[in-house]
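Everything on this sheet refers to the single structure shown next.
None of the figures in this text is laboratory data; all of them are computed from the coordinates on show. Bear in mind the structure is a predicted one, so any value in this text is a computation, not a measurement. Backbone-built Cβ (ideal geometry, glycine too); neighbour counts: all protein chains shown.
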Amino acid sequence: MSSTSASPPEEPLRLPDTAQGFLAWLAVEKGYAQATLAAYESDLQYFEQHLKSRGRSLASPRDITRRDIQGFLAEQHRAKQAKTSMSRRLSCLRGFFKHLIRRGVIAKSPTDGLSNPKLSKPHPKSLNVDQAFALLDSPASQPGDPEALRDAALAELLYGSGLRVSEALGLTLNDVDLSARIARVTGKGSKQRLAPLSDTGADALKAYLAVRHAFSPEPAEQAIFLGQRGKPLQRRQANRILEALSAKAGLPTAISPHVLRHSFASHMLQSGADMRAVQELLGHSRLSTTQRYTHLNLAQLTQSYDKAHPRSKGMGEKKEEE
């Protein structure tokens, strides 16, 4: 049985010079990470395998047609490849042919007019209020311990201020004003915003900063959250901290830092906060991104309707009672 492009070649294909040149350009000119380059190389090998089964090759890009790429995607779909993988492979091919157009090798890309597979957008996962409080209270049994105080302050900022983990880890000593309970946050695209600190968040941060020196940072180190040897805390370490807090709180699954941000947004909106205000607090550039957090369950919607709508049965009964 012949192999298909849905499964990797038994032996890695040596890519033609056209593809090798594209990967070299991504590495040198674009500065792509090694992991991304490896993924793109794999994607090109998948496509080359598909082309070879049809007597074509990336070595002759002028011969490659839109039908070749459609066939490749159809084969991937039949093999039940993840839509995210298919989208990345199509993006890789778009980049490859665009590179060849810039070099004058081809005049038009065979990917023109092809759309990425439509990806589902599940609602963001979030905790309920009791779970969030259980997680935030979990480090409290170790008063005075620098790591416990650091972990508590980090969790409070992620939930109490709705920060992205990159924003929390990027905070410096000059970014926080505890007296005003404000943090200057640098978000996506280096955009800055002011994020209010909750009372418990400010208190947790103050307690941690009092023992921050225990991590032995260099005098010039300005990062608030520190890890081993006084170096800035890394994202992977932050993930492990939240996993440990989740286990200690008895939560059914490990919680990522982003789940606390989701929980902040959901709880704010469910408590009646203005959506545009939440948009500003989260640092979203588009309101549609914030609207993803409005996934109240049917029981909540029905209850709100019965309490508020003049045509609802519950409202009518209330009027009769009055």
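Going from the fewest other Cβ atoms within 10 Å to the most, the residues H213, H50 appear in the order H213, H50. For region 50-142, trypsin sites (Lys or Arg not before Pro) meeting the loop criterion (DSSP other than H, G, I, E, B) and having at most 15 other Cβ atoms within 10 Å: R54, K80, R103, K108, K118, K125.
Computed over region 17-102, relative contact order equals 32 percent, with contacts defined as Cα pairs under 8 Å that lie 6+ residues apart. Residues D203, D112 in ascending order of nearby Cβ atoms (within 10 Å, fewest first): D112, D203.
For A39, the shell of other residues with beta-carbons less than 13 Å away shows a net charge of 0, using +1 for Lys and Arg and -1 for Asp and Glu. Compared with the alpha-carbon gap, the fully stretched path from T172 to Q192 is longer by 5.9 nm at 0.36 nm per residue. Placing R0 at 41 angstrom, the Cβ-Cβ distance between K231 and V28 gives a FRET efficiency of 0.90 after rounding to 0.05.
Loop-resident trypsin sites (Lys or Arg not before Pro) (DSSP state other than H, G, I, E or B) in region 156-265 with no more than 10 further Cβ atoms inside 10 Å of their Cβ: K191.
At a 10 Å Cβ-Cβ cut-off, how would you order S60, S109, S115, fewest neighbours first? Arranged by neighbour count, lowest to highest, S60, S109, S115 become S115, S60, S109.
Neighbours of D177 by Cβ distance under 12 Å: Lys/Arg scored +1, Asp/Glu scored -1, total +2.
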